[in-house]
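Heads up: the structure comes next, in structure tokens.
The values are calculated or read from the model by the stated rules, or taken from the named source; none is laboratory data. Small disclaimer: the values here were computed from a predicted structure and weren't measured. Don't worry about glycine lacking a Cβ; one is built from the backbone with ideal geometry, like all the others, and counts go over all protein chains shown. Please note that ligands, DNA and RNA were not included when accessible areas were found on the heavy atoms of the full protein model with its side chains. Shrake-Rupley method; radii C 1.70, N 1.55, O 1.52, S 1.80 Å.
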Amino acid sequence: MAVQPTPDPPPTVRTRFTVNGVEIDRESDCRTTLLDLLREQLDLTGTKKGCNRGECGTCTLLVDERRVNSCMILVASLHERRVTTIEGLARDERLHPVQQSFIDHDAFQCGFCTPGQIMSAVGCISEGHTRDDDEIREWMSGNICRCSAYPQITAAVRAASVG
Ligand code: FES
Ligand code: FES
């Protein structure tokens, strides 16, 4: 029987960036996504994996204050950039205003969907897409599961954007 050649190890890349203000400087397989790095290597499991192909919004977080689907971002592309996850929103035991607004407006979905919804809401507000409910709905539409709390989510984003 012919001996199969040993495949070459995948190429690696060194990347330096921050996650929630903490500097990350590491060599990783160049195919590693931000989502997998967070969940499997940094123990930051607040960001959830849904479709893993950029369709559901469950893995939404911020890179340099802009929303991204972290399952579609390679770690190799993050050099010198700032990543903020759901774990990085609260400050000194105080919830972020969007987290508080989700509580105040009973806007929680399941534990799987809520982190991405909150991160998307933070981005929606900082991007200025909150003129009215239609605009909020449009710019939150990347987070697709709306089992129950869609009107409450709109209300929470509206309130946090003016508060
Ligand atoms: S898990 Fe990233 S968009 Fe669905
Ligand atoms: S599956 Fe999470 S709220 Fe519907």
Once Lys and Arg get +1 and Asp and Glu get -1 on their Cβ, which of H96, A2, V22 lies farthest toward the positive end of the dipole of the chain?
A2
Dividing the alpha-carbon Rg of region 1-58 by 2.2 N^0.38 Å yields what?
1.51
Between E40 and S77, what length comes free when the chain is fully extended (0.36 nm per residue of separation minus the Cα-Cα distance, one decimal in nm)?
11.5 nm
Expected vector for region 11-19, Karplus 3J(HN,Hα) from phi with 6.51, -1.76, 1.60 and θ = phi - 60°, integer Hz, x for Gly and Pro, equals x, 10, 9, 8, 9, 10, 7, 10, 10
Two-decimal Rg to Rh for region 68-154 - Kirkwood Rh, Cα set:
0.97
Report the label-to-label distance for A90 and Y150 in nanometres (one decimal), using points 7 Å from each Cα along the Cα→Cβ vector.
3.1
Mean ellipticity per residue at 222 nm, deg cm²/dmol - from DSSP H runs of n ≥ 4 across the chain, formula -39500 (n - 2.57):
-7500 deg cm²/dmol
Probe radius 1.4 Å, ligands and nucleic acids ignored: give me the carbon and sulfur share of the accessible area of the chain as a rounded percent.
50
List the GluC sites (Glu not before Pro) within region 2-68 that fall in a DSSP loop (any state other than H, G, I, E or B) and whose Cβ has at most 16 other Cβ atoms within 10 Å.
E55, E65
What ³J(HN,Hα) values, in whole Hz, does the Karplus curve 6.51 cos²θ - 1.76 cosθ + 1.60 give for region 26-41 when θ = phi - 60°, with x put for Gly and Pro?
8, 8, 9, 3, 5, 8, 5, 8, 4, 4, 5, 4, 4, 6, 9, 10
Can you list the residues, at least 5 places off or on another chain, whose amide H is less than 5 Å from the amide H of V19, using H built in the peptide plane?
I24, V83
For H79, H105, H129, write out the residues from largest to smallest accessible area, computed with a 1.4 angstrom probe and no ligands counted.
H79, H105, H129
From phi via Karplus (6.51, -1.76, 1.60), per-residue ³J(HN,Hα) for region 149-163 in Hz, x at Gly/Pro:
9, 4, x, 5, 5, 4, 5, 5, 5, 4, 5, 5, 6, 9, x
Given Cβ point charges of +1 (Lys, Arg) and -1 (Asp, Glu) and nothing else, what value in debye, to the nearest 20, does the dipole of the chain about its Cα centre take?
180
Inter-site label distance for N52 and T12 at 7 Å from Cα along Cβ, in nm:
2.3
Take every DSSP beta bridge whose two residues both sit in the chain, then give the antiparallel share in percent to the nearest 5.
90
Determine Rg/Rh for the chain; Rg is computed over alpha-carbon atoms and Rh is the Kirkwood hydrodynamic estimate from the same atoms.
1.07
How much length is gained on full extension from S141 to I103, taking 0.36 nm per residue of separation minus their Cα-Cα distance?
11.6 nm
Roughly speaking, what is the centre-to-centre gap between region 85-117 and region 148-163 when only Cα atoms are used, to the nearest Å?
12
Rounded if a/c under 1.5, otherwise prolate or oblate - region 74-115, Cα gyration tensor axes
oblate
Between H129 and D25, how high is the FRET efficiency from 1/(1 + (r/R0)^6) when r is the Cβ-Cβ distance and R₀ = 41 Å? Nearest 0.05.
0.75
Probe 1.4 Å, protein heavy atoms only - accessible area per residue of the chain in square angstrom
57
